[in-house]
Amino acid sequence: MNATFSPIRRLRRVSPAISTPRRMLSGLSLALLATTSIAAAQHDAPDDHDSSSSPPIRVYILMGQSNMVGFGRIGPVETEGTLEHLVKTKGERQDLIDDSGDWRVREDVWCVQVTAGNRRGWLEPGFGARANLIGPELGFGIAVGDRHHEPVLLIKASQGNRSLGWDILPPGSERFEHDGRIYAGYKDNPSSWTEDDPGKPVDWYAGKQYDDFVTDIRKVLDNLSDHTPASDDHPWEIAGFVWWQGHKDQNPAHASRYESNLVRLIDSLRREFDAPNAPFVLATIAFNGWKLAGAGQTVAEAQLAVDGESGRHPEHQGNVKTVEVRDHWRDSTASPTRQGHHYNHNAETYLLVGEALGEAMIALEPPPKKDTRTFIPVPDEPTYHLLEGYDPKWRGQIRDGVELARSFWGSYGPAHVFVVGSEDGETIPEASREAFLEDYCRWRTRGTGRTTAECRPHATERFIDVAERGDSEAYLSWVEEFEQPEAELVFINVHQWYYDRDEIPDPVLRGIHEYTHVFQKGFATMPTWMMEGGAVFSEGWLPWVAGRCDYDFMATRMDHLMDRALTVDDPDLSIADMEDIDTAPAKVRKYYRELAYDTGAWAVVFLIHQSPTQSVAAFRDEFHPMITELGWEAALTRYLGIEDKAAFYRGFESFMQAPRKTQMTVLRELQP
């Protein structure tokens, strides 16, 4: 039997050109994105490296001496201070390994060693001085790779035992006198002499290492196909310079000129590679941590002096940044060796310095262009984060609901799910609290230029304090600071929602509800009633179409929703007043639950029923892409073949006044 009530007056319907359903694209999204990667950059492009329409490769040049080459040990796992010990014994930095426990390979960041070493490949541990070592490239590459969709190329031009005051002396550097000796300017030989003793020439000259670095870097840029999977004519741009050096300059003469030499180095490299505005980041030397003294302290102060915000060079403001890394020194008692000039071979030091340099680079870069959608199709399920000590079954129930929604609506994101709680109402153990906050804040601040220390107070308030108070919350938020926004689904004190008598546990339904919002945010803005109503409708519809319950479960839920929807005692209010809760007046916000959730769920039922197919799948595959294409109001009128949204609201008001039997018949007539 067809339901009867005052129908919507339809316009003559034409067959619109409807966009390809987004859920059909989810499996292709990575393949499409791969066309912007180095590996896929094989198509024709103009000769000029900066004029092609194809996405340019973001080239970061990393320079320095042996610690830029990299001496952080990867193994063995039982040795404190190695990367394996950090990740596999201490359980930290799980982002560095994949589900199989192998090192994660960044297939969006390609690394090329020149001068010292000749390894090239997708970024992973092993790009240090040897295959069992890391340098700053790992942490830096992860940071900038997370930030950008464009392919990233790291060129490491570094060599041990090289000083800025002699070996890497930039062009234009002049001779200077210190303690009665004359020190070489660019191209001079030997390194120093006196008026009485001209010294003995050597097979080297001031600045030769600088010249060699430039030559080696140009070989890569001029012949991309020899060093990367990209073709020689693929466009590229110098995205920034990275500098970590200073050990060999720890002598009074070179230390006294370090600041001026560094300023000249920055200018020279920018001119050399025609990148006058490219950001330049550097890290201080950090030997012996805050006990650094003498000429080493002079070098560190010179490095800090070139910082664009706190230094002495106003021309560096907004384009040069120094990171203080002495906090990242690790004593030999917590490291693989006692070799202080190589930071005791401590892998965590190299990783943290690299990350700090990456965050500094990001802070200097202009904000990336954002996708017009909040979320995009993704191939993977969300990443789950459970507070240690909280029963995993609550995560399991949330995941059950999320997967029910994801299997129907499609896979959107990227998404992270945080499940936190305290079943006994007591204080969460310190170790569990710290592990969760570190995990959350490391994710939340990556690529933002902010630190985990800045994140922790807010995260403690949002998660830990709420759980310990015994409050329960479920909501979706999103991190817009990332180049591609990511979903943050939060569930706190899930156990409070569970009752044995429920046919479908409420935590499962809440997982459905919040993930439905992830799907909805994969399209353009829609009204509040459609967002919340669609999610509430999904709580009953999806378990039924998945065979998890009988029809009565859904019908009973919708019946109760209608009861609550009809409790709005202001006859002048309707869902037309609930298009935007953020701007709604107080008299509308008073009925937020009843109008957005309860009435909204029935408005979605009515919308689907009025469509040509009465199909929920078509609502997903046809209507939602039209929202992005046309905007929600035009999508509504085109999809239903009506004159305007007012016609929809009039028809829905008539439906809400119909007998309950008629309303329930409309629900029954919906098609999968």
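The values are calculated or read from the model by the stated rules, or taken from the named source; none is laboratory data. Since this is a predicted model, take the numbers as computed values, not measurements. Here the Cβ positions follow ideal geometry from the backbone for every residue, glycine too, while neighbour counts run over all protein chains shown. Side chains included, ligands, DNA and RNA excluded: accessible areas come from the protein's heavy atoms. Shrake-Rupley method; radii C 1.70, N 1.55, O 1.52, S 1.80 Å.
Here are the numbers for the structure shown:
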{"item": "Members of the range 209-248 found to be open to solvent by 20 Å² or more (accessible area, probe 1.4 Å) and free of Cβ contacts under 8 Å to residues at least 60 places away in the same chain, listed by number", "result": "211, 215, 218, 222, 223, 225, 226, 232"}
{"item": "Criterion violated by residue 374 - all others in (1) at pLDDT 95 or above; (2) more than 22 Å from residue 63 (Cβ to Cβ); (3) open to solvent by less than 50 Å² (accessible area, probe 1.4 Å) satisfied", "result": "(1)"}
{"item": "Check on residue 588, crowded, with 18+ Cβ neighbours inside 10 Å, assigned to a helix (DSSP H, G or I) and in contact (Cβ under 8 Å) with a residue 24 or more places away in the chain", "result": "no"}
{"item": "Per-region count, the range 575-610, residues of a type in the set (A, V, I, L, M, F, W, C) and within 19 Å of residue 540 (Cβ to Cβ)", "result": "11"}
{"item": "Filter pass, residue 93 being of a type outside the set (Phe, Trp, Tyr), in contact with a Leu (Cβ under 7 Å, 6 or more places away or on another chain) and at pLDDT below 95", "result": "yes"}
{"item": "Complete set of residues in the range 502-556 that are in contact with a strand residue (DSSP E or B) (Cβ under 8 Å, 6 or more places away or on another chain) and without any contact (Cβ under 8 Å) to a residue 40 or more places away in the chain", "result": "none"}
{"item": "Residues that are among the hydroxyl-bearing types (Ser, Thr, Tyr) and within 35 Å of the chain's Cα centre (by Cα), drawn from the range 611-641", "result": "628"}
{"item": "Complete set of residues in the range 491-517 that are among the aliphatic types (A, V, I, L, M) and either crowded, with 23+ Cβ neighbours inside 10 Å or under 11 Å from residue 398 (Cβ atoms) (or both)", "result": "492, 494, 508, 509, 512"}
{"item": "Pair list, Cβ < 8 Å and 6+ apart or interchain, from the range 260-275 residues that are closer than 12 Å to residue 63 by Cβ to residues that are open to solvent by 20 Å² or more (accessible area, probe 1.4 Å)", "result": "268/171; 268/172; 273/238"}
{"item": "Filtered residues of the range 422-463 (kept if at positive phi and either at pLDDT 95 or above or open to solvent by 40 Å² or more (accessible area, probe 1.4 Å) (or both))", "result": "425"}
{"item": "Sole residue being hydroxyl-bearing (Ser, Thr, Tyr) and not in a helix (DSSP H, G or I), chosen from 637, 567, 628, 599", "result": "567"}
{"item": "Some residue of the range 452-466 being among the aliphatic types (A, V, I, L, M) and either closer than 30 Å to residue 541 by Cβ or over 20 Å from the mean Cα position of the chain (by Cα) (or both)", "result": "yes"}
{"item": "Criterion violated by residue 252 - all others in (1) in contact (Cβ under 8 Å) with a residue 60 or more places away in the chain; (2) under 22 Å from residue 172 (Cα atoms); (3) surrounded by 16 or more Cβ atoms within 10 Å (Cβ to Cβ) satisfied", "result": "(3)"}
{"item": "Elements of type helices (runs of 4 or more DSSP H) contained in the range 240-354, each with 1 or more residues being touching a Cys at 6+ places or on another chain (Cβ under 6 Å), among the hydrophobic types (A, V, I, L, M, F, W, C) and at pLDDT below 95", "result": "none"}
{"item": "Matching residues in the range 303-327 - criterion: being of a type outside the set (A, V, I, L, M, F, W, C), touching a Ser or Thr at 6+ places or on another chain (Cβ under 6 Å) and open to solvent by 20 Å² or more (accessible area, probe 1.4 Å)", "result": "324"}
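Each row is one residue, and each column tells you yes or no for (1) touching an Asp or Glu at 6+ places or on another chain (Cβ under 8 Å); (2) over 16 Å from residue 490 (Cα atoms); (3) touching a residue at least 40 places away in the same chain (Cβ under 8 Å).
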residue: 385; (1), (2), (3): yes, no, yes
residue: 394; (1), (2), (3): no, no, yes
residue: 409; (1), (2), (3): no, yes, yes
residue: 424; (1), (2), (3): no, yes, no
residue: 441; (1), (2), (3): no, no, no
residue: 460; (1), (2), (3): no, no, no
residue: 467; (1), (2), (3): no, no, yes
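Here's the yes/no breakdown for (1) out of contact with any Pro (no Cβ under 6 Å at 6 or more places or on another chain); (2) within 24 Å of residue 573 (Cβ to Cβ); (3) touching a residue at least 12 places away in the same chain (Cβ under 8 Å); (4) open to solvent by 30 Å² or more (accessible area, probe 1.4 Å):
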position: 615; (1), (2), (3), (4): yes, no, yes, no
position: 619; (1), (2), (3), (4): yes, no, yes, no
position: 634; (1), (2), (3), (4): yes, no, no, yes
position: 638; (1), (2), (3), (4): no, no, yes, yes
position: 641; (1), (2), (3), (4): yes, no, yes, no
position: 649; (1), (2), (3), (4): yes, yes, yes, no
position: 655; (1), (2), (3), (4): yes, yes, yes, no
position: 658; (1), (2), (3), (4): yes, yes, yes, no
position: 671; (1), (2), (3), (4): yes, no, yes, yes
